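The values are calculated or read from the model by the stated rules, or taken from the named source; none is laboratory data. Quick caveat: nothing in here was measured; it's all calculated off a predicted structure. Ideal geometry is used to build each Cβ from the backbone, glycine not excepted, and the neighbour counts take in all protein chains shown.
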């Protein structure tokens, strides 16, 4: 179980990082009724958000591979998913997140912002920043399409391929107990992946329009605040002691 807990701990850390990159400034702005943020603060916020968001993509893909090995090759699991491999996968996930954010942050410095200084968003995300640039942001949009698109395609394909093999393995099982155990092992991760990639794909792959901008704001709130809050709850429900305690509490209130 060590690899699983390493990945869950890292996911919890990245979720907290993702939320804390955005939520504190957002709450201060709402309470103070002042939506002002300096350009340097905006770029720092985007950099922090970019690292955590991309790292989470890689972590979810890594966890899908971990579930594939656990379900499809259970006897070889301790041999394949060694502590060394898990740590290397985690380090690569964070390095990938850092480099992706660093590239976008670097080419962001070539832009100037001289006319409109109003961002139609709750926080400093890359697309709203590019929309108010005085400099031609074509290169930035191209890099965003290539890099972010490649990362999303790679991580989503990893998840889909892993769970395709998992599904075929589950369908071969004849014991109802084994099937329930397999679904309980993968269910929490599948739900987290669906919640994470759903808003992400809608935000970055929908054609631009005024209505889409408003929808992006709502979806970004779900993506940066609600999902990091839900993930610990989703994974806690895999724990039998948590479920038993919750059942007793609910029965006591009835």
Residue check, residue 91 over 29 Å from residue 221 (Cβ atoms) and part of a helix (DSSP H, G or I): yes
Out of 71, 87, sole residue that is closer than 18 Å to residue 166 by Cβ and in contact (Cβ under 8 Å) with a residue 60 or more places away in the chain: 71
Among (1) farther than 17 Å from residue 59 by Cβ; (2) modelled with pLDDT under 80 - the single one residue 200 does not satisfy: (1)
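Okay, residues lined up against (1) assigned to a helix (DSSP H, G or I); (2) within 23 Å of residue 17 (Cα to Cα):
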residue	(1), (2)
30	yes, yes
35	no, yes
41	yes, yes
46	yes, yes
51	yes, yes
59	yes, yes
63	yes, yes
68	yes, no
Condition check for residue 104: surrounded by 14 or more Cβ atoms within 10 Å (Cβ to Cβ), closer than 28 Å to residue 29 by Cα and modelled with pLDDT of 85 or more: yes
Residue under evaluation residue 128, criteria (1) surrounded by 18 or more Cβ atoms within 10 Å (Cβ to Cβ); (2) modelled with pLDDT of 90 or more, criterion not met: (2)
Residue ID - farthest from the chain's Cα centre (by Cα), chosen from residues in segment 43-63 that are more than 16 Å from residue 12 (Cα to Cα) and buried (at least 20 other Cβ atoms within 10 Å of the Cβ): 46
Qualifying residue in segment 71-87 (condition: outside any helix (DSSP H, G or I), surrounded by fewer than 19 Cβ atoms within 10 Å (Cβ to Cβ) and touching a helix residue (DSSP H, G or I) at 6+ places or on another chain (Cβ under 9 Å)): yes
Qualifying positions in segment 95-115 - closer than 30 Å to residue 162 by Cα and without any contact (Cβ under 8 Å) to a residue 40 or more places away in the chain: 95, 99
Members of segment 25-39 that are exposed (fewer than 11 other Cβ atoms within 10 Å of the Cβ) and either at pLDDT 80 or above or within 14 Å of residue 119 (Cα to Cα) (or both): 34, 36, 38
